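Each value in this text was obtained by applying a stated rule to the coordinates, not by laboratory testing. No experiment lies behind these values; they were computed from the predicted model shown. Every residue, glycine as well, gets a Cβ built from its backbone with ideal geometry; the counts of neighbours run over all protein chains shown.
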Amino acid sequence: TKKVGLGFFCGFWKLLHIMSMGVSEQAGGLALQESYPTIRIFSAKEAGDVIREYMAYFFNCEKCTQRFIAQYDDCSFQRCNRLSDATVDAPADSWTEFSIWLWEVHNDVSRSKASRASDVFTKWGKKEEAKRWERDMSAVYPHIDQCLTCFTAEGLWDVNAVYLHLEREYW
């Protein structure tokens, strides 16, 4: 079934994922330096700061924006430890951490939305619909049917496989 009114949100998150993969794949511009010697190299932390500003000024959901900014400023998902401020001497994994961090934030937002929908249906006395939203695994990306290798035998995320999936999907 078509979900009306979600196009902007979905498209905006896709834009952020494309941008995060570009930063990761080009190592903040470092990979382009040979072809463009004067290119400005920027850090994963700076890229995160740009996403924060995008959310502050362009996302059209005030509650969502406030939540994102609060989580960003509070270093949720260990952002302050994971997003390096190094540029030319940044370790290779600092670039992939940027895309993985954004993926984790997006999954948290999606799970929160599903949980809120479950709460609303519970208030309305629609228990079956509430249970469906409570257990809605489609809120998590990628779905197991999209990326079987993204999950370990124990049902945990294989972050390296997730990164490869994001790379295929957005880069």
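What the table shows:
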| read-out | value |
| --- | --- |
| Sites SER110 and ALA153, calculated FRET efficiency, Cβ-Cβ separation with R0 25 Å, nearest 0.05 | 0.55 |
| Point-to-point label distance, ILE39-ASN60, nm (Cα→Cβ direction, 7 Å offset) | 3.3 |
| Rounded FRET efficiency, nearest 0.05, which uses the C-beta distance separating CYS80 from ASP145 and R0 of 35 Å | 0.50 |
| Translational D in µm²/s for the stretch 21-89 (Stokes-Einstein at 4 °C, 1.567 mPa s, Kirkwood Rh from C-alpha pairs) | 98 |
| Gained length - GLU128 relative to ALA92, 0.36 nm times residue gap less alpha-carbon distance | 8.3 nm |
